[in-house]
1. I'd like to verify a number: residues in the stretch 104-133 that are open to solvent by 60 Å² or more (accessible area, probe 1.4 Å) and either at negative phi or touching a strand residue (DSSP E or B) at 6+ places or on another chain (Cβ under 6 Å) (or both), how many?
2. Taking the conditions exactly as written (under 21 Å from E169 (Cα atoms), crowded, with 16+ Cβ neighbours inside 10 Å and without any contact (Cβ under 8 Å) to a residue 40 or more places away in the chain), does F60 satisfy them or not?
3. Out of (1) open to solvent by less than 30 Å² (accessible area, probe 1.4 Å); (2) closer than 16 Å to L177 by Cβ, the odd one out for H98 is which?
4. Quick one: in the stretch 25-52, which of the residues that are over 21 Å from F198 (Cα atoms) and in a helix (DSSP H, G or I) is modelled with the highest pLDDT?
5. Of all residues in the stretch 144-179 being among the hydroxyl-bearing types (S, T, Y) and surrounded by fewer than 14 Cβ atoms within 10 Å (Cβ to Cβ), which is farthest from the chain's Cα centre (by Cα)?
6. Hey, can you tell me all the residues within the stretch 68-86 that are open to solvent by 20 Å² or more (accessible area, probe 1.4 Å) and touching a strand residue (DSSP E or B) at 6+ places or on another chain (Cβ under 7 Å)?
Amino acid sequence: MGIFGRKNDTTETTAAAPAAPAAVNPDLAALTGEYTIDPAHSTLGFVARHAMVTNVKGKFLDFSGTLHLDGGDPAASTASLDVKTDSIDTGSADRDGHLKSSDFFKTEEFPTMTFRSAKAEALGGDDYRITGDLTILGVTKPLTIDLEFNGAAKDPFGNERVGFEGKAEILRSEWGLTWNAALETGGVLVSDKIKLNFDISAIKNA
């Protein structure tokens, strides 16, 4: 079951008999509303190539966000996310300290990075695409996130939840994250391409 309704693009119309609007699936319509992302059950992660030979995974521990879901019109759905850069966690205190420094995130000067959606699309089935603006180090660039809708459920505490998994790729240099070191064997220490992954649980507002 998809979260967004889809218009029927195959219906033929004539000037004398325009097509009626597509009916909204009541199950989808019931999911329409405002949601708050639940950080305790969500993950904002990333993967970087290290020394050209292995992947280092990390995540941000402190973030907040909201969703507006529209069960009948994907273009009316929106997403907003704020992430505390100082909450970066790669499992190594030394590496995390370097990432927080002026070589990378400059967390004292730029404590927050943000994402604000501008466009939402239904791709078919449970697949969707969100395009918006990602701001890091005061630099704003477009970001497209491919999402899979994992479903909706009411938890034991009565919360109505929806879940999404998402992925995207960026070149960190486009946001001013340019620090690197050359390897004696060729190549660089940290890849420019970063893979982003999202596992989101959001609770419908009362």
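1. Within the stretch 104-133, residues that are open to solvent by 60 Å² or more (accessible area, probe 1.4 Å) and either at negative phi or touching a strand residue (DSSP E or B) at 6+ places or on another chain (Cβ under 6 Å) (or both) number 10.
2. yes
3. With (1) open to solvent by less than 30 Å² (accessible area, probe 1.4 Å); (2) closer than 16 Å to L177 by Cβ applied to H98, the lone miss is (1).
4. It comes out as A29.
5. T178
6. Once the filter is applied, which keeps residues that are open to solvent by 20 Å² or more (accessible area, probe 1.4 Å) and touching a strand residue (DSSP E or B) at 6+ places or on another chain (Cβ under 7 Å), the stretch 68-86 yields H68, P74, A75, T78, A79, S80, L81, D82, K84.
The values are calculated or read from the model by the stated rules, or taken from the named source; none is laboratory data. These figures come from a predicted structure and were not determined experimentally. Here Cβ is always computed from backbone atoms with ideal geometry, including for glycine, and neighbour counts include all displayed protein chains. Only protein heavy atoms, including side chains, enter the accessible area calculation; ligands, DNA and RNA are left aside. Shrake-Rupley method; radii C 1.70, N 1.55, O 1.52, S 1.80 Å.
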